[in-house]
Amino acid sequence: MTNVRPKVTKIVLIDDHRLFREGVKRILNMEPDFEVVAEGDDGIIAEKLIDESKPDVVLMDINMPKLNGVEATRQLIKNHPGLKVIILSIHDDESYVTHVLKSGALGYLLKEMDADSMIEAVRIVAQGGAYIHPKVTHNLVNEFRRLASQGYSSEPSGFRDLEFRPPLHILTHRECEVLQLMAEGKSNRSIGENLYISEKTVKNHVSNILQKMNVDDRTQAVVEAIKNGWVKIY
């Protein structure tokens, strides 16, 4: 019987810190379905590398000396519609995420991430999804809390006074627990540790939650959950 090789995701890595870049490259190339096909140290060279290697995903540092990752991403997506870019950053402020998403990037990862999170992010983005580091999601939740305390809301009645009601009409009890921990900014590994289940099981629950809530990613799920009073806001 002939073994079918998995489709290889071609990756371009742009980061001006060589040691960090080498570490990321080593982690990604250990995956049978990943291949780092090109690398560079600045946003200026990114255009040339993308033209030559035709990658599926670009991992781009946000802070680089000549052309930063946000501007480089904006230019790349303008010239290569459909290009999938993940920004690498040391900043967990939600304002950075806003700028990044406006540039057209589909992912935002903190450089403190673990290898499993990075691999998961690349796979999700390669398949057309979006991925935001759980810690940043937590900060987005805090921003909602701040706005709620000031009386702002995108809904006419506001969400600051909504009574907490877990969405048992669409999710199972376990999925409600996972959604709550997602809203608290927990990673899949941390959720598994909290609920005493495997990380694989957590991933299955998250996938089911996104499907049942009809959203594309974790951040959208958390935002909708907060607006509907489906998670506790401490």
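The values are calculated or read from the model by the stated rules, or taken from the named source; none is laboratory data. It should be emphasised that the depicted structure is a prediction, and the values quoted were computed from it without experimental measurement. Reconstructed Cβ throughout: ideal geometry from the backbone, glycine too, with neighbour counts over all protein chains shown. With ligands, DNA and RNA removed, areas are computed over all heavy atoms of the protein, side chains included. Shrake-Rupley method; radii C 1.70, N 1.55, O 1.52, S 1.80 Å.
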Looking across region 202-234 at residues that are over 16 Å from GLN127 (Cα atoms) and not in a helix (DSSP H, G or I), the single one that is nearest to the chain's Cα centre (by Cα) is ASN214
Taking region 182-198 and keeping only residues that are modelled with pLDDT of 90 or more and either among the charged types (D, E, K, R) or assigned to a helix (DSSP H, G or I) (or both), one is left with ILE191, GLY192, GLU193, ASN194, LEU195
Selection over region 75-127 where residues are aromatic (Phe, Trp, Tyr) and surrounded by fewer than 22 Cβ atoms within 10 Å (Cβ to Cβ) yields a count of 1
In the set ASP92, ASP61, the lone residue that is closer than 22 Å to LYS135 by Cα and in contact with a Gly (Cβ under 8 Å, 6 or more places away or on another chain) is ASP61
Selection from region 198-234 of residues of a type outside the set (S, T, N, Q) and without any contact (Cβ under 8 Å) to a residue 12 or more places away in the chain yields LYS200, LEU210, VAL215, GLU224, TYR234
The one condition LYS66 fails out of (1) of a type outside the set (Asp, Glu); (2) closer than 23 Å to ARG218 by Cα; (3) open to solvent by 60 Å² or more (accessible area, probe 1.4 Å) is (2)
